[in-house]
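Q: This is the structure I want to talk about, given as structure tokens.
Bear in mind these aren't lab numbers, they're just calculated from the coordinates by the rules spelled out. Just so it is clear, the structure is predicted and the values come from calculations on it, not from any experiment. In this analysis, Cβ positions are derived from the backbone assuming ideal geometry, glycine residues included, and neighbour counts consider all displayed protein chains.
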Amino acid sequence: MNRFERDLQRCISGVMERWEKIHLGYPSVSLQQVGIPPYPIKLNQSIVRKVINKHGLSSAQLVEVQKGVNSPLMIFESNSLPGAKLLLTQTVHNSESLIVAIHKGQMGKNPTNEIRSIYPKATAIILLWIEKKLLLAADKQRSQQWLEDRARSNSARYLAIAGGVKSLISERQSQGGMKL
């Protein structure tokens, strides 16, 4: 059991001090390449309670999310909060992929990256983000597979968007830019 899992269990069981935050580690190089600073990633207990009570996620799904934070399928720029990044994880809840919203934060005098939200998001909305050019980086193989899996049961639009993602990744790789 890692630190996150121990902190999560303490939070769920109610023995964690109110001021404590759950530690998820540090951002990977891929996350830093899209502008997430190399500060610790923290999660407020209130967010944990919200995703369990409001969205119905299990602690096992939150452990999956923690593993997916440093290896997301895709990273998007938030279109509502400047500087915030939205991480598409492989974790699925009620047929929707889970998104992690991460912001640069401040915990006392120590800078942090704060997870402000974890929520399921419909594939159609994620496709809209891609079409609006909010995609910053993508894991080439896993993101293509994610799109193709959804195209099997949906319209050809998914395959067209998958081609666009592939072109974006190739373009950025040839320019030495961001990629996962």
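Q: With θ set to phi - 60° and the Karplus curve 6.51 cos²θ - 1.76 cosθ + 1.60, what are the ³J(HN,Hα) couplings of segment 28-34 in order, to the nearest whole Hz, using x for Gly and Pro?
A: 5, 4, 4, 5, 5, 5, 9
Q: Using only the Cα atoms, work out Rg/Rh for segment 14-146, with Rh taken as the Kirkwood radius, to two decimals. Working shown, then result.
A: Values: Rg = 14.3 Å, Rh = 15.1 Å.
Using Cα coordinates only, the ratio equals 0.95.
Q: Could you give me the ³J(HN,Hα) list for segment 77-90, computed from phi with Karplus coefficients 6.51, -1.76, 1.60 and θ = phi - 60°, whole Hz, x at Gly and Pro?
A: 7, 6, 8, 10, 10, x, x, 7, 10, 10, 9, 8, 9, 7
Q: What's the exposure ranking of W19, W129, going from fewest to most Cβ atoms within 10 Å?
A: Details: W19 8, W129 19.
The most exposed by this proxy come first: W19, W129.
Q: Using 0.36 nm per residue, how much length does the chain from K133 to W19 gain when fully extended, once their Cα-Cα distance is taken away? Walk me through the numbers before you get to the answer.
A: Details: separation 114, 0.36 × 114 = 41.04 nm, distance 3.79 nm.
Answer, rounded to one decimal: 37.3 nm.
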